[in-house]
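Each remark here refers to the structure printed beneath this line.
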Amino acid sequence: MKLSGGQQQRVAIARALAFDAPVILADEPTGNLDVDTTEEITAILKESAHVFGKCVVVVTHSGEVAKQADVVLEIKRGHLLFWKTCFLPEGLL
């Protein structure tokens, strides 16, 4: 049986949640997915952070995915170009 890209991403996230990993590292989790599946995966990652208290780090080239992040760091050629905080939960600072 072969899983689709979206199914593979869901399994990887489910595995991280099942093992109660405190940190989820997602390298281009939506890179080859359609718009609907991208939205689903992004929602799962946000829920992992906001509901389950995980530290979710996403590496992406997608501006649409980046817009969903609480904090955005833009790195180019090894240099930090941009840092934007979109949301900080109460008590984080």
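The values are calculated or read from the model by the stated rules, or taken from the named source; none is laboratory data. Because the structure is predicted, anything quoted here is derived from the model rather than measured. Cβ atoms come from the backbone with ideal geometry, glycine included; neighbour counts cover every protein chain shown. Remember, those area values only see protein heavy atoms, side chains included, never the ligands or the DNA or RNA. Shrake-Rupley method; radii C 1.70, N 1.55, O 1.52, S 1.80 Å.
Here are some notes:
- Total lysine pairs in the chain at Cα distances under 20 Å, for residues eight or more apart or on different chains: 8.
- Label-to-label distance, nm, for residues given as H79 and E64 (7 Å Cα→Cβ offset): 3.1 nm
- Kirkwood-based shape ratio for the chain, expressed as Rg/Rh from alpha carbons: 0.97
- The modelled label-to-label distance between K2 and A43, using points 7 Å beyond Cα along the C-beta direction, is 2.8 nm.
- Taking all protein chains into account, the per residue accessible area for the chain stands at 76 Å² (1.4 Å probe).
- Per the Cα gyration tensor, segment 28-67 maps to an equivalent ellipsoid with semi-axes of 18, 11, 8 Å, ordered largest to smallest.
- Cα-based convex hull, segment 1-52, per residue volume (Å³, whole number): 76 Å³
- Share antiparallel - DSSP beta bridges, the chain, percent rounded to 5: 55 percent
- Computed over the chain: relative contact order in percent, which uses C-alpha pairs under 8 Å that are six or more apart: 23 percent
- Carbon/sulfur fraction of accessible area - segment 1-43, other protein chains in place, 1.4 Å, %: 56 percent
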